Amino acid sequence: MATLPGMAERTLTISSAGKTFRTTGWKIGWVTGPTPLVTAVRTAKQYLTYVSGAPFQPAIAVGLALDDAFFAGLGPDMADRAARLGEGLRAAGLVVHPPEATYFTTVDVRPLRPDGDGHAFCLELPERCGVVAIPNAVFYERPEHGRHLVRFACCKTDSVLDEAVERADLVVAIGHDTVEKPPFLMMSAGGPKVVHVGYQSATVEQVYHPDIEVIGDIGASVEALGARLQGRLTADPGMLELRRRILARVNDRAEEDRFPPTPQRVVHDVRKVMPDDGIVCLDNGMYKIWFARNYRTHVANTLLLDNALATMGAGLPSAMMAAMLYPERRVLAVCGDGGFMMNSQEMETAVRLGLNLVVLVLNDAAYGMIRWKQAVDGFPDFGMRFGNPDFVRYAEAYGAKGARVDAVEDLVPTLEAGFTAGGVHLVEVPIDYSENTRVLVDELRNRSPGVECS
């Protein structure tokens, strides 16, 4: 407003540190404008409140003296935070009114509370989800006009916003088996309700004790649940965008050109050469976690892995059986060097049976997963390294074909050539596991302080 013609000498601009610097509890604000108007405000204020948060005032003065670039970035930064919060609120089932400015995002609570009582919604929210919202009705001259609206502050750090929107009140676990690692950690009391959908009743453990079970054919159960919920939930167009962002986060750095390639790049390139019905059989090692995380399947039973005893050496025999059962499909065994050598003699069997399959050996000259866990837990690097044979000649000794990848851009064409030629092919590629700690430890630990991630 002050930028309009003739308004500069008539306008006071008021703001606060709680919004600009996200220091809500400090209760420090400021006013700028023509000297006579500011003087009048100061004179009036001294009769209302003498001082507030005096020790914090010098800190805010330092903040106000920051470079202009800091303040120029506040608008785009706040817009990103508002969008981030809005996506989470949409995913929770609320109707979001995106802000064009301001520090708050307003939502319509009626999809979750049909009576539209925003005040009651805000009273229940801290106990149910540990999140605070403000009913907009208190700002209306006629409160009934804003009864169904509440607002959330988006001038928070990303971690606070993420934690807030992730505090769901219901988790539906489909097909979960406690023999695998839990998809989340349940608390002994409080937290969201959990519905277990599976072929068998859940094995109740300290970290997994569902409140309700739906037992039977999983496909039929999910379809029946969908039919029962039809028309009772508001479709959320923001979910597709949220899914897109989740996948983008998972696939981050999947096309990096560094060599040796990262696990993300290996998974990306394997997905590129495998058709929808192609079968990938994983041995057990560090790469298994990355494939489980990053490899998107489109047909059932096309990514085979075992998460129970997780026996090393299982990848090649699994792929051999898949190739015998489905000779018309592409079959790929993905093995670490350690796991491959535990059952590598079966290369002779695969050649003798005339199978068509490709074996991808990821070479880090170590038992990579255990070595990584040693490092994460602060133990010395002991007993996990070893030497390997020349894998190309090793494959040829069994009558198979062998190839070694020496540049990141060669992995896809080398795999493609093996499938095109037919027969048993071994492809060796070195792998860089330096991403393990950043993605699988640091990011999880930062999102879940106090949780052991090793």
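The values are calculated or read from the model by the stated rules, or taken from the named source; none is laboratory data. Keep in mind that what you see is a predicted model, and the values were worked out from it rather than measured. Positions of Cβ are backbone-derived with ideal geometry, glycine not excepted, and every protein chain shown enters the neighbour counts.
Identify the residue in the range 284-315 that is outside any loop (DSSP other than H, G, I, E, B) and charged (D, E, K, R) and, among all such residues, is surrounded by the fewest Cβ atoms within 10 Å (Cβ to Cβ). I'd like the intermediate steps shown before the answer.
First, the residues of the range 284-315 that are outside any loop (DSSP other than H, G, I, E, B): 286-294, 303-304, 315.
Among the residues that remain, those that are also charged (D, E, K, R) are: 288, 293.
Values: 288: 21, 293: 14.
Here the residue is 293.
Of the conditions (1) modelled with pLDDT of 85 or more; (2) surrounded by fewer than 16 Cβ atoms within 10 Å (Cβ to Cβ), residue 444 fails just one. Which one is it?
Looking at each condition in turn, residue 444 falls short on (1).
Which numbered condition trips up residue 180, out of (1) modelled with pLDDT of 70 or more; (2) among the acidic types (Asp, Glu); (3) out of contact with any helix residue (DSSP H, G or I) (no Cβ under 8 Å at 6 or more places or on another chain)?
Looking at each condition in turn, residue 180 falls short on (1).
Are there any pairs, at least 6 apart or on different chains, whose C-beta atoms fall under 9 Å, with the first in the range 283-294 and within 14 Å of residue 310 (Cα to Cα) and the second of a type in the set (Ser, Thr, Tyr) and part of a helix (DSSP H, G or I), and if so, which?
Sorted first by the residue in the range 283-294, then by its partner, the pairs are 283/318.
Might you check whether a residue that is exposed (fewer than 11 other Cβ atoms within 10 Å of the Cβ), outside any helix (DSSP H, G or I), modelled with pLDDT under 85 and β-branched (Val, Ile, Thr) occurs anywhere in the range 205-213?
no
For the range 299-309, check the following and say yes or no: at least one residue is farther than 21 Å from residue 418 by Cα and in contact with a Gly (Cβ under 7 Å, 6 or more places away or on another chain).
Within the range 299-309 (the criterion being farther than 21 Å from residue 418 by Cα and in contact with a Gly (Cβ under 7 Å, 6 or more places away or on another chain)), the answer is no, since none of the residues qualifies.
Do you know which residues across the range 334-353 are buried (at least 17 other Cβ atoms within 10 Å of the Cβ) and of a type in the set (A, V, I, L, M)?
Selection gives 334, 341, 342, 347, 350.
With respect to residue 329, determine if the residue is of a type in the set (Lys, Arg) and part of a loop (DSSP other than H, G, I, E, B).
Yes.
Regarding residue 309, is this residue within 21 Å of residue 432 (Cα to Cα) and either touching a Pro at 6+ places or on another chain (Cβ under 6 Å) or in the same structural domain as residue 275 (by TED's automatic domain parsing) (or both)?
No; evaluated as a whole, the condition is false for this residue.
For the range 22-34, how many residues are assigned to a loop (DSSP other than H, G, I, E, B), at pLDDT 75 or above and surrounded by 14 or more Cβ atoms within 10 Å (Cβ to Cβ)?
3
Residues being more than 46 Å from the chain's Cα centre (by Cα) and basic (Lys, Arg): count how many of those fall in the range 5-35.
Qualifying residue count, the range 5-35: 1.
For every residue, the table says whether it meets (1) modelled with pLDDT of 90 or more; (2) among the aliphatic types (A, V, I, L, M); (3) assigned by TED's automatic domain parsing to the domain that holds residue 17; (4) closer than 22 Å to residue 79 by Cα.
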position: 99; (1), (2), (3), (4): no, no, no, yes
position: 102; (1), (2), (3), (4): no, no, no, yes
position: 107; (1), (2), (3), (4): yes, yes, no, yes
position: 115; (1), (2), (3), (4): no, no, no, no
position: 118; (1), (2), (3), (4): yes, no, no, no
position: 124; (1), (2), (3), (4): no, no, no, no
position: 128; (1), (2), (3), (4): no, no, no, no
position: 136; (1), (2), (3), (4): yes, no, no, yes
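Quickly run through the range 106-152 and pick out the residues that are of a type in the set (Asp, Glu) and closer than 20 Å to residue 82 by Cα.
Residue satisfying the conditions is 108 alone.
Within the range 376-393, identify whether any single residue is modelled with pLDDT of 85 or more and under 28 Å from the mean Cα position of the chain (by Cα), and answer yes or no.
Within the range 376-393, none of the residues are modelled with pLDDT of 85 or more and under 28 Å from the mean Cα position of the chain (by Cα).
Any residue at all in the range 374-389 that's among the acidic types (Asp, Glu), closer than 22 Å to residue 266 by Cα and assigned by TED's automatic domain parsing to the domain that holds residue 300?
Checking the range 374-389: not a single residue is among the acidic types (Asp, Glu), closer than 22 Å to residue 266 by Cα and assigned by TED's automatic domain parsing to the domain that holds residue 300.
Taking the range 366-390 on its own, how many of its residues are touching a Ser or Thr at 6+ places or on another chain (Cβ under 9 Å) and in a helix (DSSP H, G or I)?
Summing the residues that are touching a Ser or Thr at 6+ places or on another chain (Cβ under 9 Å) and in a helix (DSSP H, G or I) in the range 366-390 gives 4.
Counting only residues that are without any contact (Cβ under 8 Å) to a residue 24 or more places away in the chain and either exposed (fewer than 12 other Cβ atoms within 10 Å of the Cβ) or among the aliphatic types (A, V, I, L, M) (or both), how many does the range 367-384 have?
Restricting attention to the range 367-384, the residues satisfying the condition of being without any contact (Cβ under 8 Å) to a residue 24 or more places away in the chain are 370-371, 374, 378-384.
With either exposed (fewer than 12 other Cβ atoms within 10 Å of the Cβ) or among the aliphatic types (A, V, I, L, M) (or both) added as a condition, the list becomes 370, 378-384.
Residues that pass the stated criteria total 8.
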